[in-house]
Amino acid sequence: MDEAVTNLQANLVQGNLDGPVEREQEAPPAVWHWIPEYTASGALQMATDIGLLEQLIQGKQPPTLRFYRWSPVAISLGYHQKQWPDYWRSLTWQGQPVEIVRRPTGGRAVLHQGDLTYAVVMPMSGQRRQDWYQTLCDALIEAWAQLGVTLQYGTAGRGYRDKTNCFDLATAADLVTPTGYKLVGSAQLRRDRYLLQHGSIRLWPDPQLYAQVFGQESSLLEPPKAIPKRGNQSWLDKLSSLIVQELERSLNISVQTASFSTENMAEIKSQEASFQIT
């Protein structure tokens, strides 16, 4: 609704027609940490996400945003996912075994090859989980719009529960292009009044590996043309920066580059093995 109309309605309700309603002074931006992108095993990345959440709850870290990649290639299973094909344990890609890990969040299996993952840990500040889904995903939509890519929310229903592959269907927590390419799949974990949301941004999926894992090469649509054919770090840095800028704007935050202390990283690594599936 137009701001002027909103102010007029407020004046009428309050019986104040002598002048505009005074606006509360906007709070200064909250300071968040931004951890530079790094590549590591899937188990260590999951331990990092949950470790950052726990450190936030304990008051050891402020809210944190980070981006990361997976090496070796991995399949992450949703926290409650009980079934997956046995042959996944013997998968290889480019001479290395494909790692299988369990996420702390829900959903179905995600193949992490050619993707960029984002993660946010933050207080819920009295909002519902669904509200934060939309706020964070709206920032992703705006960032991609600056690259010429239109994204919208998925519409899949209960049939999602019957799927093994998270990227088979797009739910209301996922972002798809008008052609149906699922670009971003996200999931959440809530602990008390705090939230972890992370998601895979599928940039350069390998069709042969996709078929090897899910047997569905023909269903893998082409990524948006705005994504370069080959991965390059400068383009990834640009994408990350755009997402950070939109989150700063929408959340009224200011991010500061940070790194892990020796103590924090030791705590994180102590949990790494708990996310491995052997």
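The values are calculated or read from the model by the stated rules, or taken from the named source; none is laboratory data. Nothing here was measured: the structure is a model prediction, and the numbers come from that model. All Cβ positions, glycine included, derive from the backbone under ideal geometry; neighbour counts span all protein chains shown. Accessible surface is based on the protein model in full, side chains and every heavy atom, while ligands, DNA and RNA are left aside. Shrake-Rupley method; radii C 1.70, N 1.55, O 1.52, S 1.80 Å.
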**Asked** Once both labels are modelled 7 Å past Cα along the beta-carbon direction, what's the residue 261-residue 129 spacing in nm?
**Response** 3.0
**Message:** Below 22 Å, Cα to Cα, which lysines can residue 182 reach? Residues fewer than 8 away in the same chain don't count.
**Reply:** 163, 225, 229, 238
**residue 265 accessible area, 1.4 Å probe, all protein chains in place, Å² to nearest 10** = 40
**Asked** Can you tell me the accessible area per residue over the range 17-124, all protein chains present, probe 1.4 angstrom, in square angstrom?
**Response** 45
**Request:** Quote to one decimal, in nm, the extra length available between residue 276 and residue 30 on full extension: 0.36 nm per residue of separation minus the C-alpha distance between them.
**Result:** 85.1 nm
**Item:** Rounded to the nearest 10 Å², the accessible area of residue 192 at probe 1.4 Å
**Value:** 110
**Message:** Given a 1.4 angstrom probe, I'd like the percentage of the accessible area of the range 17-141 that is carbon and sulfur, rounded to a whole number.
**Reply:** 49
**Request:** Could you please state how large a percent of the accessible area of the range 173-261 is carbon and sulfur, counting protein chains only and using a 1.4 Å probe?
**Result:** 45
**Request:** Mind giving me the FRET efficiency for residue 153 and residue 58? R0 is 41 Å, r the Cβ-Cβ distance, nearest 0.05 is fine.
**Result:** 0.75
